[in-house]
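> Submitted below is the structure of interest, expressed as structure tokens.
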Amino acid sequence: MPRPASLRVVPELRAVHVERHRRGTPAELLYLRAKYDLAGTPLLPGIEKATLASVLRRFASTEATVLEVPEPLWMRFWPRHVALVAGFRLAGLLRRRPHEVCTYAMENNAVEVLVRGDGRAPAILVPVVAALVGAVARLGLDRICYASPSARDAYARLPFVAGIPSALRLELPEATGDPRPAEPLRAVFLGVLEERKGIRQLMRAWPRVEQAVPGARLDVVGSGPLAGEVADWAAGSGASRRALGRLVHADAQAAVADAAVLVAPSVPEGRWIEQIGLPIKEGLAAGATIVTTRQTGLADWLHEHGHHVVEVDDLTALPELLAAAIESALRSPLPRDEVRRSLPDRDGRLAADAWLHVEARRHVEARQHVGARQHVEAGQGAAS
């Protein structure tokens with residue numbers, strides 16, 4: 001059986017990557033480390049753990065002609081991004097075969113924030129780093145697909161990137177194939193229990209929801225640094241709060257499918273803001289009403305389709321805004337069929353995958369055809 005013509009490098013393998021590998025364009029998938037939610041998910045053929053050095057060595061022998069690398073604005077990974085792009089390009093030159101490099105871009109934070117973080121780095125670094133990242137991207141990438149309009153806007157601020165062929169495939173899920181009715185007045189939080197995911201803001205907001213909506217219940221699914229604090233908060237509250245801890249991916253999906261409302265109250269932290277939010281995708285696929293903040297790249301789409309998006313400019317006001325949004329969502333959730341009908345027929349990430357890999361391979365094949373024709377013509381000319 002021939003080896004796939006595409007190769008993906010994933011810094012942190014998650015359960016969703018395994019599912020995408022099963023359904024996406026055939027490819028080898030090399031990952032550098034596993035993410036917390038991979039536990040309990042069996043790996044599929046073609047997925048291998050690797051080091052950066054072993055990935056670079058693989059370039060010398062792989063049959064892949066298309067490489068998907070992590071996006072350039074993943075700043076802490078950027079040096080390895082450069083090594084991967086340069087290594088694959090060099091392998092193509094040495095082996096005299098066309099190679100293409102593509103990326104999927106989700107980062108939607110301002111370049112200044114990504115460079116300066118808490119502001120201690122000098123401001124002069126911002127245009128320098130932006131120009132460097134943009135120039136390397138222009139020289140190294142053949143195509144880039146954006147997950148959201150805000151991600152596209154973030155990259156538009158980089159010099160030279162406008163010259164890279166690009167597309168926008170909004171990262172919305174497709175509806176799940178097995179819909180189930182939600183339990184009335186049940187909300188769910190799914191994610192890492194840490195400050196940036198807004199769990200403390202949710203704990204401050206929820207007592208107001210309990211007072212306003214008798215019978216409201218909240219399930220908190222996940223683990224992390226604040227797990228003990230969340231467990232203590234939930235203990236002794238009767239049936240209105242449950243801290244379920246970390247669940248395997250299938251059980252976490254079931255918890256989301258049971259809820260009428262999914263709450264994803266992410267808040268900015270340092271260089272990070274929410275890019276898309278996998279829990280939001282899980283909730284939409286199940287038909288849940290979403291309550292989130294204006295961090296996610298899906299914020300405008302969610303607002304336009306009747307979900308609840310709250311501002312995070314003033315974190316002191318967020319618990320009250322969050323409580324009001326959750327109360328409204330629990331009292332009048334969107335019809336689940338309506339939520340599901342608003343979704344595309346194909347997951348946006350899979351649509352992006354096809355554009356990145358299938359179209360790239362067509363380009364490679366076209367270049368190979370032109371090269372072969374020129375070789376034949378050169379031979380005929382020499383013979384005459």
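> Starting from the range 41-64, take each residue that is touching a residue at least 24 places away in the same chain (Cβ under 8 Å) and list its partners that are part of a helix (DSSP H, G or I) and of a type in the set (S, T, N, Q), counting only C-beta distances under 8 angstrom and pairs at least six apart or across chains.
none
> Could you check the range 277-298 and list, in sequence order, the residues that are hydrophobic (A, V, I, L, M, F, W, C) and crowded, with 23+ Cβ neighbours inside 10 Å?
Hits for the range 277-298 are Ile280, Leu284, Ala286, Ala288, Ile290, Val291, Leu298.
> Which fully enclosed strands (runs of 3 or more DSSP E) of the range 1-95 have 1 or more residues being surrounded by fewer than 17 Cβ atoms within 10 Å (Cβ to Cβ), in contact with a strand residue (DSSP E or B) (Cβ under 7 Å, 6 or more places away or on another chain) and modelled with pLDDT of 90 or more?
Once the strands (runs of 3 or more DSSP E) in the range 1-95 are filtered for at least 1 residues that are surrounded by fewer than 17 Cβ atoms within 10 Å (Cβ to Cβ), in contact with a strand residue (DSSP E or B) (Cβ under 7 Å, 6 or more places away or on another chain) and modelled with pLDDT of 90 or more, what remains is 6-13, 28-34, 47-49.
> Also, I was wondering about something else. For the condition farther than 30 Å from Arg116 by Cα and assigned by TED's automatic domain parsing to the domain that holds Gly134, what is the one hit in Glu19, Glu71?
Glu19 is the lone residue from the list that is farther than 30 Å from Arg116 by Cα and assigned by TED's automatic domain parsing to the domain that holds Gly134.
> Identify, from the list Thr316, Thr292, the residue that is β-branched (Val, Ile, Thr) and within 28 Å of Arg169 (Cα to Cα).
Thr292
> Something else now. Just to be sure I understand, how many residues within the range 96-116 are part of a helix (DSSP H, G or I) and without any contact (Cβ under 8 Å) to a residue 40 or more places away in the chain?
Selection size over the range 96-116: 2.
> Thr316 passes all but one of (1) in a loop (DSSP other than H, G, I, E, B); (2) within 21 Å of the chain's Cα centre (by Cα); which number fails?
Condition not satisfied by Thr316: (2).
> Could you tell me whether Asp353 is more than 21 Å from the chain's Cα centre (by Cα) and outside any strand (DSSP E or B)?
no
> Let me ask something else. Given the criteria surrounded by fewer than 19 Cβ atoms within 10 Å (Cβ to Cβ) and out of contact with any Asp or Glu (no Cβ under 8 Å at 6 or more places or on another chain), does Ala162 qualify?
Yes; evaluated as a whole, the condition is true for this residue.
The values are calculated or read from the model by the stated rules, or taken from the named source; none is laboratory data. Values in this document were obtained by computation on a predicted structure and should not be read as measured data. In this analysis, Cβ positions are derived from the backbone assuming ideal geometry, glycine residues included, and neighbour counts consider all displayed protein chains.
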